[in-house]
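One structure below.
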Amino acid sequence: MRNKKLNIIVPCFNEEEALPETIRILSNELNTLSESNLIDLELSKILFVDDGSNDRTWEILQKESRANNLVSAIKLTRNFGHQNALLAGILESDSDVFITIDADLQDDVLAMNRMLQDYHAGMEIVYGVRNDRSSDNFFKRNSASLFYKLLNLLGAKVVNNHGDFRLLSKSAKNSLSKYKESNVYLRGIIPLIGLPSSSVEYKRFKRNKGKTKYSFTKMISLSLSGITSFSLIPLRLISILGLIVSVSSVLMIFYIFYIALFTEKAIEGWASTLVSIYFLGGMQLL
Ligand code: UDP
Ligand code: MG
């Protein structure tokens, strides 16, 4: 068996409604995992990352961390977003193994048991994979599946139907800390680490309390980070467009000279202006 110090990392943005129950369920789960001899309860803890909440989240976390020695919490100076909050939690804590899970417990905590079994069997990364998204609404389900298809088409290696519920070993964390990304998209970075990995399936539930903290703009910005940081295809398409535009404008220059010198059809003025705009535009795209 491998080392058994576990940190559960939970990002929280305005989660005052969900937190009390989440803390209770996760504390129970730590006890259960320890009874199954998968973790060492003395060393393990739940680390909440307050991502600049403006409700009572931090107050609740401070109170809980005094009362419950399984709970600790850090606070980010402002709202940095889910991905950065997760990364901060992983990088700030020292542990043998990490599991990240959302504060609304939409992901099944019981899957942690199977994740840890895989870890003890030698896996460095274990992905939680949803086998049933019926709890998500029509829009979320379809936009998510379309987005994963697009990402795969663009050549980014993401795990289908996997959110941010996953286990990372200490060596996976060390590799992750070497990526200096500013628009973090963990679902794209982690498969690139290349260490031995496995998946466990679970059913995704409805959010227990409160509303989604992913506004439409946050969702779009996460998708853009996903596409632009892990696929070269958008860049290549733009380069090809640049090449086509500049080569065509050079051909046009020859054509314009031909018209001007050898025919009567030349219209004064427009050609030199237009061709230089096209040529410079093409070069810039390139
Ligand atoms: N979250 C965060 N910062 C944000 C938005 C969300 O830390 O700016 C956290 C949130 O508290 C939750 C997790 O990220 O623990 C996932 O958010 P949510 O459940 O609202 O997203 P959904 O499940 O609707 O995609
Ligand atoms: Mg959620």
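Just a few scattered comments:
- Single residue of Ala111, Ala121, Ala144 found to be within 18 Å of Pro196 (Cα to Cα) and either without any contact (Cβ under 8 Å) to a residue 40 or more places away in the chain or of a type in the set (Gly, Ala, Ser) (or both): Ala121
- Selection from segment 178-189 of residues that are surrounded by fewer than 18 Cβ atoms within 10 Å (Cβ to Cβ) and among the basic types (Lys, Arg): Lys178, Lys180
- Evaluation of Ser272 against (1) more than 30 Å from Asn14 (Cβ to Cβ); (2) of a type in the set (Ser, Thr, Tyr); (3) open to solvent by less than 60 Å² (accessible area, probe 1.4 Å); (4) modelled with pLDDT under 90 (one fails), failing number: (3)
- Scanning segment 46-69 for residues that are in a loop (DSSP other than H, G, I, E, B) and open to solvent by less than 40 Å² (accessible area, probe 1.4 Å) yields a count of 4.
- Residues considered: Gly81, Gly89, Gly52. Of these, the only one that is within 19 Å of the chain's Cα centre (by Cα) and within 16 Å of ligand 2 (Cβ to nearest atom) is Gly81.
- Residues that are more than 26 Å from Ser53 (Cα to Cα), aliphatic (A, V, I, L, M) and crowded, with 17+ Cβ neighbours inside 10 Å were ranked within segment 190-223; the one that is farthest from ligand 1 (Cβ to nearest atom) is Ile193.
- The set of residues in segment 201-250 that are farther than 30 Å from Asp107 by Cβ and either part of a loop (DSSP other than H, G, I, E, B) or among the polar types (S, T, N, Q) (or both) comprises Leu232, Ser239, Ser246, Ser248, Ser249.
- Only a single item in (1) more than 30 Å from Met123 (Cβ to Cβ); (2) open to solvent by 50 Å² or more (accessible area, probe 1.4 Å); (3) part of a loop (DSSP other than H, G, I, E, B); (4) of a type outside the set (A, V, I, L, M) is not met by Glu42, and it is number (1).
- Qualifying residue in segment 129-149 (condition: within 19 Å of Leu86 (Cβ to Cβ), more than 16 Å from ligand 1 (Cβ to nearest atom), buried (at least 16 other Cβ atoms within 10 Å of the Cβ) and of a type in the set (A, V, I, L, M, F, W, C)): no
- Scanning segment 161-177 for residues that are open to solvent by 50 Å² or more (accessible area, probe 1.4 Å) and either within 16 Å of ligand 1 (Cβ to nearest atom) or of a type in the set (A, V, I, L, M, F, W, C) (or both) gives a single hit, Asn161.
- Condition met for Asn31 (within 13 Å of ligand 1 (Cβ to nearest atom), open to solvent by 50 Å² or more (accessible area, probe 1.4 Å) and modelled with pLDDT of 95 or more): no
- Residue in segment 231-249 that is surrounded by 13 or more Cβ atoms within 10 Å (Cβ to Cβ), more than 16 Å from ligand 2 (Cβ to nearest atom) and within 30 Å of Asn79 (Cα to Cα) present: yes
- All positions within segment 66-90 that are touching a residue at least 12 places away in the same chain (Cβ under 8 Å) and either touching a Ser or Thr at 6+ places or on another chain (Cβ under 6 Å) or of a type in the set (Gly, Ala, Ser) (or both): Leu70, Val71, Ser72, Ala73, Gly81, Ala85, Leu86, Ala88, Gly89
- If you filter segment 7-24 down to residues that are not in a strand (DSSP E or B) and not hydrophobic (A, V, I, L, M, F, W, C), you find that the one that is nearest to Ile99 (Cα to Cα) is Thr22.
- Segment 105-128, residues that are within 16 Å of ligand 1 (Cβ to nearest atom) and either among the β-branched types (Val, Ile, Thr) or open to solvent by 10 Å² or more (accessible area, probe 1.4 Å) (or both): Leu105, Gln106, Asp108, Val109
- Answer residue from segment 193-212, given it is of a type in the set (Lys, Arg) and within 16 Å of Ala144 (Cβ to Cβ) and is farthest from ligand 2 (Cβ to nearest atom) among those: Lys203
The values are calculated or read from the model by the stated rules, or taken from the named source; none is laboratory data. As the structure is a computational prediction, the values presented were derived from the model and not from experiment. Here the Cβ is made from the backbone with ideal geometry for all residues, glycine too, and neighbour counts use every protein chain on show. Only protein heavy atoms, including side chains, enter the accessible area calculation; ligands, DNA and RNA are left aside. Shrake-Rupley method; radii C 1.70, N 1.55, O 1.52, S 1.80 Å.
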